[in-house]
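Before any comments, here is the structure.
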Amino acid sequence: MPFGILDPKLPEHQRVPGTVHLYEAIHGVDQFPSANLKRDGNIILVPQPSDSPNDPLNWSIRKKDFVLFIICLEAIMASTVSPILASSTIVLVLYFSKGFQPIALLTGWHLVGAACASVFVTTIFVKYGKRFPYIFASALLVGSSAWAAVATSYKSLLWARVLQGVALAPFEVAVNASVGDMYFVHQRGVRLALVSLSIFGTTFLTPIITGNVTNSLGWHWMFWLVLIFSSVTLILVFFFVPEHVYNRDKRLDTDVVGDDLAPQAPSDSIVSSDLADEDNEKIPSTGQQEKKETYFHSLRLFSGSKTSRPLWKIFLRPFALLLHPAIIWGCLTQGTMIAWTAMIGVVLAAVFMGPPLWYNEVKVGYMYTGAVVGAVIGFVVAGVLSDFSAKWLSRRNNNIYEPEFRILLVIPQMICGCIGIWGFGFISSDMYKYSQYLPPFFFGLETCGMILGAVASASYITDAYRDIQIEAFVSMLLFKNLFSFALTDKAYPWLLASGIKRCFTIIGAVQLAVSFLTLAFWIVGKWNRYLMHRYNILHILHLE
């Protein structure tokens, strides 16, 4: 029972999927055999790379980081369009002669578009890899931004926003999974933090920029700028993001298999009591038969099927995973905090543009400065703590890594998030009395907690359930976007009926309860991994 984590009683040398031997022992006896496993110094590589030069795990760290950097750039552009109207609400109300709620639904239906599209793009990701969906989504972002830039009616802009949501879906779903494809367990923490900052954190820069753009050039120019910059990132994605889903021998996926560790024999074979015949016959690697892929060959859109699973099964798997306890925890931990930021955006648009402040779109945009600072702080804290805590706890756990070590980030998430929510609601309810600089401060605390929660949930799912990570992230996206849509749809009536202070008091209490769920999950998370491996929901529903 390491650090209070309940440990299933398993036969000797068997383990729960996700539990891995991370360090080579210097003193004492290891729990699992680790002879002949590939290493980076004294850190055992998880998963084990094949011998193929085309295996993304074998790419240089510079190439991996460059590819991830470009994907994150495109993810920033795709995510930018979600809050792009936040500081221009009044302008659009007057332009289209609509109320606050219809204008808010321009963002709400955008999120619905992303949620619906996520289920379809998942089938492509799982079946054919990630390169084509990334390129298609990048091109669609360019096209939908052009549509929005020339839209003159509410309905036209609404449909353009829906398509922008479709373009966003692949990046919200798969960028975390791309980290799992290219990096080893001990390298993922800071990269997952970068992904969360790219998808969620940098979006708070958008209202600051677009407020000034709308005031100076008009609201159409917000979309013209997205069109210009997303055209550049489309080119970068096409030429510098190769396919990075690789079908290596499943026995090398030591973070997924539920039996003995799979030792890697010297360069050309894999040897283990559970991986070879009784006479210990070596199983040859396929890597020696592969030639290094040329650059021009890597530009092809498709590189063959990645699974024999039928498309209809892949389509249904994210819905089935909504019954998975770990996925439910991930939905709540990530989705609620992100939805609360949408609620804060509603308050900024409705309250701060009215008495006593009468802010215009520029000043409302500047109210997001605290959120940007909070997101960056969250990124730094998550990037430092995620890998450090995992390695530190593994050292003190007989060199054994448990994915539950990642969810310690929920502690600072709870502190920052709840204080931010309650403080923002309390101050914003009486702006006659309090300083105008306090709401951005508390907004920053909330977004700091949001980033920490996003990293905690993404890193846990990636490390504990890497074999279903794409479908898991789709399930989380469905919850997050549909929950955010519901809040967007009902936010104004709720604020008018209950008041800002009461609404945010309730929201903070909900977030506190969600955070306390993590304590229970810390204790039973490993047991849940064991039960979900033994009683696989997807297998029971014939979706394997």
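The values are calculated or read from the model by the stated rules, or taken from the named source; none is laboratory data. None of the values given here were measured: they were computed from a predicted structure. Please note: Cβ atoms are built from the backbone with ideal geometry, for glycine as well, and neighbour counts cover all protein chains shown. We work out accessible area using only protein heavy atoms, side chains counted, and drop any ligands, DNA or RNA first. Shrake-Rupley method; radii C 1.70, N 1.55, O 1.52, S 1.80 Å.
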Does the stretch 251-266 contain any residue that is modelled with pLDDT under 85, crowded, with 19+ Cβ neighbours inside 10 Å, hydroxyl-bearing (Ser, Thr, Tyr) and within 24 Å of the chain's Cα centre (by Cα)?
yes
One residue is enough: does the stretch 423-435 have a residue meeting the conditions under 25 Å from the mean Cα position of the chain (by Cα), buried (at least 24 other Cβ atoms within 10 Å of the Cβ), at pLDDT below 95 and part of a helix (DSSP H, G or I)?
no
Answer yes or no as to whether Ala174 is within 30 Å of Trp59 (Cα to Cα), hydrophobic (A, V, I, L, M, F, W, C) and surrounded by 24 or more Cβ atoms within 10 Å (Cβ to Cβ).
yes
Flag if Leu519 is exposed (fewer than 15 other Cβ atoms within 10 Å of the Cβ) and either in contact (Cβ under 8 Å) with a residue 40 or more places away in the chain or within 25 Å of the chain's Cα centre (by Cα) (or both)
yes
With the first residue restricted to the stretch 234-252 and required to be in contact (Cβ under 8 Å) with a residue 60 or more places away in the chain and within 23 Å of Gly143 (Cβ to Cβ), and the second required to be surrounded by 21 or more Cβ atoms within 10 Å (Cβ to Cβ) and of a type in the set (Phe, Trp, Tyr), Cβ contacts under 7 Å at 6 or more apart or on different chains are Val237/Tyr134; Val241/Tyr134
Taking Val381 and the conditions (1) closer than 18 Å to Thr202 by Cβ; (2) open to solvent by 60 Å² or more (accessible area, probe 1.4 Å), which numbered condition does it fall short on, given that it satisfies the others?
(2)
Can Asp463 be described as out of contact with any helix residue (DSSP H, G or I) (no Cβ under 8 Å at 6 or more places or on another chain), part of a helix (DSSP H, G or I) and charged (D, E, K, R)?
no
Residue under question is Phe204, and the condition is that it be of a type in the set (Phe, Trp, Tyr) and at pLDDT 90 or above; does it hold?
no
Within the stretch 228-236, is even one residue more than 24 Å from the chain's Cα centre (by Cα) and in a helix (DSSP H, G or I)?
yes
Could you tell me whether the stretch 138-149 includes any residue that is open to solvent by less than 10 Å² (accessible area, probe 1.4 Å), under 18 Å from Cys116 (Cβ atoms) and among the hydroxyl-bearing types (Ser, Thr, Tyr)?
yes
Residue check, Ser82 hydroxyl-bearing (Ser, Thr, Tyr) and either without any contact (Cβ under 8 Å) to a residue 24 or more places away in the chain or in contact with a Cys (Cβ under 6 Å, 6 or more places away or on another chain) (or both)
no
Just to be sure before I move on: is Ser457 at pLDDT 90 or above, polar (S, T, N, Q) and in a helix (DSSP H, G or I) in the structure I sent?
yes
Here are Leu68, Leu85: which of them is aliphatic (A, V, I, L, M), modelled with pLDDT of 95 or more and over 30 Å from Arg396 (Cα atoms)?
Leu68
Residue that is least open to solvent (accessible area, probe 1.4 Å), among those in the stretch 485-515 that are aromatic (Phe, Trp, Tyr) and in contact (Cβ under 8 Å) with a residue 24 or more places away in the chain:
Phe504
Could you tell me whether any residue of the stretch 499-509 is under 24 Å from the mean Cα position of the chain (by Cα) and among the hydrophobic types (A, V, I, L, M, F, W, C)?
yes
At pLDDT 90 or above and in contact with a Gly (Cβ under 6 Å, 6 or more places away or on another chain), is that true of Thr447?
yes
Name the residues in the stretch 80-91 that are in a helix (DSSP H, G or I) and either of a type in the set (Phe, Trp, Tyr) or surrounded by fewer than 22 Cβ atoms within 10 Å (Cβ to Cβ) (or both), would you?
Ile90, Val91
Members of the stretch 487-535 that are among the aromatic types (Phe, Trp, Tyr) and not in a helix (DSSP H, G or I)
Tyr535
